[in-house]
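Here's the structure we're looking at; comments come further down.
Derivation of every value follows stated rules applied to the coordinates shown; laboratory data play no part. Given the structure is predicted, the values throughout are model-derived calculations rather than measurements. Here the Cβ is made from the backbone with ideal geometry for all residues, glycine too, and neighbour counts use every protein chain on show.
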Amino acid sequence: MAFFNIYGLISWQVLAAPDAVLGKAKSQTCFACHGTDGIGITPNIPNIAAQPPLSLFYQLVQFREGMRKGGSMEVFAKPLSDDDIRDIAAYFSALSPPEAKAGDAAKLAVGQKITQQNYCNSCHAPKLQGQKQVPRLAGQSTEYFVTQLRNIRSGARVDMDGTMGSAARGLSDEDIEALAAYSASLN
Ligand code: HEC
Ligand code: HEC
């Protein structure tokens, strides 16, 4: 019986394998803001190219369920099924990462230091490229980054498990500016 159940599970996973080609077709409404290349068309719109698929998945589910709000994303996520979201995540995660952005050397050094002191890399990965459910920060728009980190710090944006909320609590506005510049400088 257990054997039979395992087979059932495997065939379900095979059927549900994410499909980036289908994902592109399902992302037509997204391109107006996030671009076909996953780069936000204005600085308040996040770059979602090369985000880890699981991170894209969780964020879209949070928007769909109304747990995260902003940029009318609740409206765009609403009609998506779990399979749609997996396909869309497969498409955007496979795109080339955003280009690194030059910044003031002293500010970048401060940002790097705060990153190390706060172990941001332990979750967001060594070069802040993201991993599993943890978003990519490397190459992110500084304006979007600053807004989100402030919202997470204030609790206006509630994160999945509270770990990011604790990580943000002790940061000053200057820290956040430096962290944003440092993240944008990575690729
Ligand atoms: C009208 C513009 C617009 C459209 C259309 C749009 N988005 Fe967004 N998206 C945004 C903005 C703005 C944000 C930032 C929201 C916030 O402030 O929290 C965002 C956030 C996101 C995020 C979170 C990224 C992160 O790093 O946390 C994902 C994922 C996303 N959008 C995917 C999509 C997908 C998939 C679609 C299509 C189904 C879509 N968006 C359609 C503007 C848009
Ligand atoms: C314990 C793990 C952990 C640590 C440490 C951590 N983060 Fe995060 N971070 C996360 C997770 C998980 C999310 C996604 C939260 C959610 O929406 O549920 C996130 C989200 C973010 C976001 C929003 C990104 C987006 O695309 O919307 C920013 C910005 C961010 N973190 C910056 C930082 C910085 C800077 C540090 C160090 C000061 C840090 N994080 C430390 C786990 C962590």
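Observations
- Distances between placed amide hydrogens fall under 5 Å for Leu95 paired with Ala50, all partners being 5 or more residues away or on another chain.
- Rounded Å value of the spacing that divides the Cα centres of region 147-179 and region 68-122: 14
- Across region 105-184, the mean sequence separation of Cα contacts (distance under 8 Å, 6 or more residues apart), normalised by length, yields a relative contact order of 41 percent.
- Inverse of mean 1/r across different Cα pairs in region 54-187, Kirkwood, Å: 15.4
- Rounded tilt (10° steps) of 173-184 against the dominant C-alpha axis of the chain: 60
- Those aspartates and glutamates that a straight Cα-Cα span of less than 16 Å connects to Lys78, excepting residues fewer than 8 apart in one chain: Glu65, Asp87
- On Cα atoms only, tilt of 53-64 relative to the major axis of the chain in degrees: 90
- Acute angle (nearest 10 degrees) that the helix 2-15 long axis makes with the longest principal axis of the chain, alpha-carbon atoms: 70
- Excluding exposed DSSP-loop GluC sites (Glu not before Pro) (at most 14 other C-beta within 10 Å), longest clean stretch of the chain: 100-187
- Placing one equal scatterer on every Cα of region 40-96 and applying the Debye formula, the log10 ratio I(q)/I(0) at q = 0.12, 0.14, 0.19, 0.21 Å⁻¹ is -0.25, -0.35, -0.65, -0.79.
- Annotation for Lys69 and Glu174: the two label points, set 7 Å from Cα along the Cα-Cβ direction, are 3.5 nm apart.
- One chain, two ends: Thr42 and Gln131. Fully extended at 0.36 nm per residue, the span grows by 29.5 nm beyond their Cα-Cα distance.
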